[in-house]
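Have a look at the structure below, then the notes.
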Number of protein chains: 2
Amino acid sequence: MTIHSNLNIVPFVSVDHMLKLVLAVGTERFLTELAEVIEEDFRRWEQFDKTPRVASHSEQGVIELMPTSDGALYGFKYVNGHPKNTREGLQTVTAFGVLSDVDSGYPVLLSEMTILTALRTAAMSAVAGKYLARPGSRTMAIIGNGAQSEFQALAFKAIMGISTLRLYDIDPTASARCAKNLEGQGFTITICRSSQEAVEGADIITTVTADKQNATILSDNMVGPGVHINGVGGDCPGKTELHRDILMRSEIFVEYPPQTRIEGEIQQLPADHPVQELWAVMTGRLPGRSSERAITLFDSVGFAIEDFSALRYVRSKLAETGLFLDLDLIADPDEPRDLFGMLLRCEQKLKNT
Amino acid sequence: MTIHSNLNIVPFVSVDHMLKLVLAVGTERFLTELAEVIEEDFRRWEQFDKTPRVASHSEQGVIELMPTSDGALYGFKYVNGHPKNTREGLQTVTAFGVLSDVDSGYPVLLSEMTILTALRTAAMSAVAGKYLARPGSRTMAIIGNGAQSEFQALAFKAIMGISTLRLYDIDPTASARCAKNLEGQGFTITICRSSQEAVEGADIITTVTADKQNATILSDNMVGPGVHINGVGGDCPGKTELHRDILMRSEIFVEYPPQTRIEGEIQQLPADHPVQELWAVMTGRLPGRSSERAITLFDSVGFAIEDFSALRYVRSKLAETGLFLDLDLIADPDEPRDLFGMLLRCEQKLKNT
């Protein structure tokens, strides 16, 4: 199957196609391969145009555009964040994205990214965990058992070999649903009655709560030596999950400092507090975890390059699966300068039929 | 017909649907109504979030995102500019855009915008002409007879009563095609052998050439008193059409100064050279043309609010025409926090069939 023999046609991956694509590949394999593409792109970090996201804030939430380019492909994601949406039966976060050919400026892929963002966020977390957590980590606490939790669990299983989960959510039905959704996937799962209980014996602590506020999901006494914290939920100004004292004891790793300083847990710290960039750890320029007893923190906020990697990965799967539609998105006159002629010929055609 | 009873469905206007929509409404009526919406939005200029476009430059061209919001709706356009594309049988400029509900962050329209941008640029020019050109203007010179020329001609006919066209292009076949495309539309058309000849007796001079360079399409001696110049082609850094001396003699009107200072004809002038904002002329805060003999210049570069207006107008036409497709763009789980459950239910459904 050829993708866009006609340049006016842009392949479109709908929500339905994305679900089928993930199932066709297999969720764990999808996460593993996606993690590989993210790692590949992080290793060539310096090739990318990087810019903080372009945000439009309102009282109810935020709409953002996240562009980046590696010089050959250009990608951007549209994503909203509206915490009050769940009360109205809507998603807090929805997203879609586009990949384009830099040489011509023509789009080559339009894709849903609500599901894809959940997958790429989990894959990114697991890649960071692979570099930062103690080798042999098997038990993960997940605090916050909403839409992102199962994806996190599967990514850490596929990429790091996590086999035991300790779940906690202020809403016990959320933990129950997470446990039920993960049935038969090979985990040993304990539902806990407090964060304190959840972190007992955990090698990795994933925090992924949703409230837009400065919360304290983890307090200082709950985090023992050697733990890796995967901090996913603190991802915009005024929204953090960790007590400042934990940050002061941790070795902190980030995606893109100019963005994380504004959006991440480290918004609680002075602007010159030392952090390590993850890409530099991956390429060996920075040391990463300093010792077995160090506390490492991946202060995840989600960066445009991860979306770029995700779109690139999805595009690579289209020819073999055929899971896309052809979208008539780009005007393609026979003679490039004759746009108005398209209108005349369309009129003629309508008259003739 | 109801538009998106299901919030996961986003109406999509393809290139084919856009052509049919323009024809169903009628090109001149479309331009007139679109001009009214642009004027409406310019008159409430202060309600909008305004930001210069977000550009990603490469050797071959540029890809830009142009977002804006009025607090109720959010819109953005993706647009590329690749002058070398025409040599490869591609469009120099292609575009698509999205309109979203600020309250939920959910997209409510995805539309092709290559054709729509041509229409909105022409409608914008004619709105500016209505406020700036001498009353009773009937003759327009069009220098540069490429993809934008017919749209300019029809917009100035529909909105200002222009009936006589004087065409010039360095490529005579472009002028011939423009004249042929406009046959039967009620114009008196003269094809000219030089810019000098084209501007003779013109009340309005439209410059809309495409080369990415600092060119001199009009020199100072060619512009007489009372003329309105509609400068469309000078629209990015390093791309201008008018001799600096013309600018010095003109009363200059712009869309959004921070953008026009970088992209427009006035990039040739000091950053403090006086200009009037068009929205302020429309609302009577600034005087506009000072006298019958003044030379007025609309230094058009194209601003995000015009695209917002165009998307808003197209959206208003969907229910009556039905010229759109339903796109499955937004993940819509039965329970908002149960994104992973969608995957499980999809798997179950595939097993059952």
| message | Run the label-point distances for A:Thr321 please: 7 Å along Cα to Cβ, every other copy, nanometres, shortest first. | response | 3.4
| message | Which one, B:Ala123, B:Asn181, B:Gln152, is farthest towards the positive end of the dipole of the protein assembly as shown when Lys and Arg carry +1 and Asp and Glu -1 on their Cβ? | response | B:Asn181
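If you average 1/r over all unlike Cα pairs in region A:59-165 and invert the result, what Kirkwood radius do you get in angstrom?
Taking every pair of different Cα atoms in region A:59-165, averaging 1/r and inverting gives 15.9 Å.
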| said: I need the inter-copy label distances for B:Leu350: point set 7 Å along Cα to C-beta, values in nm with one decimal, smallest first. | reply: 4.1
| note | So, for the Cα atoms of region A:146-291, Rg and Dmax in Å stand at 15.5, 46
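With a 10 Å Cβ neighbour count serving as the proxy for reagent exposure, in which order, fewest first, do A:Glu88, A:Glu251 appear?
Values: A:Glu88 11, A:Glu251 18.
The most exposed by this proxy come first: A:Glu88, A:Glu251.
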| query | Going down the table (A:Lys84/A:Lys239; A:Lys130/A:Lys157; B:Lys77/B:Lys317; A:Lys77/B:Lys77; A:Lys77/B:Lys239), which pairs top 22 Å between alpha carbons? | reply | A:Lys77/B:Lys239
| said: Assuming 0.36 nm per residue, please report the length gained on full extension of the stretch B:Glu292 to B:Arg193 beyond their Cα-Cα distance. | reply: 32.8 nm
| request: For region B:133-302, give the share of DSSP beta bridges that are antiparallel, in percent and rounded to the nearest 5; count only bridges with both residues there. | output: 5
| request: Any chance you could list P(r) for region A:284-338, counting all Cα-Cα pairs in 10 angstrom bins from zero, rounded to whole %? | output: 15, 21, 25, 19, 11, 7, 2
| request: Kindly provide the GluC sites (Glu not before Pro) of region A:45-83 that DSSP labels as loop, not H, G, I, E or B, and whose Cβ sees at most 11 other Cβ atoms within 10 Å. | output: A:Glu59
| message | With both bridge residues required to lie in chain B, what share of the DSSP beta bridges run antiparallel, to the nearest 5%? | response | 50
| field | Nearest-first distances (nm) between copies at B:Thr188, label 7 Å from Cα via Cβ | value | 9.4
| request: Ignore the peptide's own chain and count Cβ atoms of other chains within 10 Å of each Cβ in A:103-111; give me the average, rounded. | output: 6
| Loop trypsin sites (Lys or Arg not before Pro), region B:135-232, which have at most 10 other Cβ atoms in a 10 Å radius of their Cβ (DSSP) | B:Arg193
| query | Could you state the number of Å between the C-alpha centres of region A:92-136 and region B:229-294? | reply | 42
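Dividing the Cα radius of gyration by the Kirkwood radius, what Rg/Rh value follows for the protein assembly as shown? Don't skip to the end; give the middle numbers.
Values: Rg = 27.9 Å, Rh = 27.1 Å.
For the protein assembly as shown, the value is 1.03.
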| To the nearest 20 debye, what is the magnitude of the charge dipole of the protein assembly as shown about its Cα centre, counting +1 on the Cβ of each Lys and Arg and -1 on the Cβ of each Asp and Glu? | 240
| Rg and Dmax of chain B, Cα atoms only, in Å | 21.7, 78
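Note down the net charge around A:Met160, summing +1 for each Lys or Arg and -1 for each Asp or Glu among other residues with Cβ under 10 Å from its Cβ. Don't jump to the answer; show the numbers that get you there.
Details: positive: A:Lys130, A:Arg138, A:Lys157; negative: A:Asp203.
That sum, taken over residues with Cβ under 10 Å, equals +2.
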| How many Cβ atoms of partner chains, on average, are near each residue of A:80-87 if near means within 10 Å of its Cβ? | 3
| request: Arrange the following residues from fewest to most other Cβ atoms within 10 Å of their Cβ: A:Leu344, A:Leu247. | output: A:Leu344, A:Leu247
| When the dipole is taken about the Cα centre of chain B, and only Lys, Arg (+1) and Asp, Glu (-1) are charged at their Cβ, what size is it in debye, to the nearest 20? | 600
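Mind sorting A:Val223, B:Val254 by how few other Cβ atoms lie within 10 Å of their own Cβ, fewest first?
Working: A:Val223 21, B:Val254 24.
Ascending Cβ contact count within 10 Å gives the list A:Val223, B:Val254.
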| So how do A:71-84, B:31-44 stack up, highest first, on mean other-Cβ count within 10 Å? | A:71-84, B:31-44
| query | What size of dipole, in debye to the nearest 20, comes out for region A:228-353 about its Cα centre when the only charges are +1 on Lys and Arg C-beta atoms and -1 on Asp and Glu C-beta atoms? | reply | 120
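A short reminder: the numbers here are calculations on the coordinates, not readings from a lab. All values derive from a computational prediction rather than experimental measurement. Positions of Cβ are backbone-derived with ideal geometry, glycine not excepted, and every protein chain shown enters the neighbour counts.
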